[in-house]
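Rule-based calculations on the coordinates, nothing more; no lab input. Because the structure is a prediction, the values reported are computed rather than measured. We place every Cβ from the backbone using ideal geometry, glycine too, and count neighbours over all the protein chains shown.
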Amino acid sequence: MLSKKLLLKQLKNVPDPELGISIVDLGLVYDVKLDKRGNVNVVMTLTTMGCPLFELISEPIKAEIRKISGVKNVEVELTFDPPWSVEKMSKEAKIKLGFF
């Protein structure tokens, strides 16, 4: 059964192209919404407003979410509100990047 928890777990398989760390652990995924028809909307940000990597991240997001049974359509919405900050990263990501 589709759930937000399942979608976020699947998104942990999508690495940031530069850092090789999950976009979920980096805190780039702000929300995942799904409706009863199997439509999924991923609300995410990038580390900086001028970051040119959105297409390199959005396509793998769509491909990864489509692997889940019951998913019909996937949209990826980019936002910079609120702006991303290091505090949004998981402890695992901070360790990998040397913050601990």
Sparse-neighbourhood loop hits (GluC sites (Glu not before Pro), region 1-64; DSSP loop; Cβ within 10 Å at most 14 others) -> GLU18
Taking the structure as given and computing Rg and Dmax of the Cα atoms in Å, which label from [x] 13.2, 43; [y] 15.0, 48; [z] 18.7, 58 fits?
-> [x]
Cβ-placed point charges (K, R +1; D, E -1), dipole of the chain about Cα centre in debye, nearest 20 = 580
Of LEU19, VAL32, THR47, whose Cα points farthest to the positive end of the dipole of region 1-52 (charges on the beta-carbon: +1 Lys, Arg; -1 Asp, Glu; origin at the Cα centre)?
-> VAL32
Going 7 Å from the Cα of ARG37 in the Cα-to-Cβ direction, what parts of region 69-94 have a backbone nitrogen less than 14 Å from that spot?
-> 71-75
1/(1 + (r/R0)^6) with r = Cβ-Cβ of ILE95 and ARG66, R0 = 41 Å, i.e. FRET efficiency to nearest 0.05, evaluates to 0.85
Per-residue [θ]222 nm for the chain (sum of -39500 (n - 2.57) over DSSP H runs n ≥ 4, rounded to 500) | -7500 deg cm²/dmol
Neighbour cut-off at most 11 other Cβ (10 Å), DSSP loop, chymotrypsin sites (Phe, Trp or Tyr not before Pro), region 15-97 = PHE80
When THR79, THR47 are ordered from fewest to most other Cβ atoms inside 10 Å of their Cβ, what list results?
-> THR79, THR47
Which of the trypsin sites (Lys or Arg not before Pro) across region 56-100 are loop residues per DSSP, with 15 or fewer other Cβ within 10 Å?
-> LYS67, LYS72
By how many degrees, between 0 and 90 and to the nearest 10, does the Cα long axis of helix 54-66 differ from the longest principal axis of the chain?
-> 40
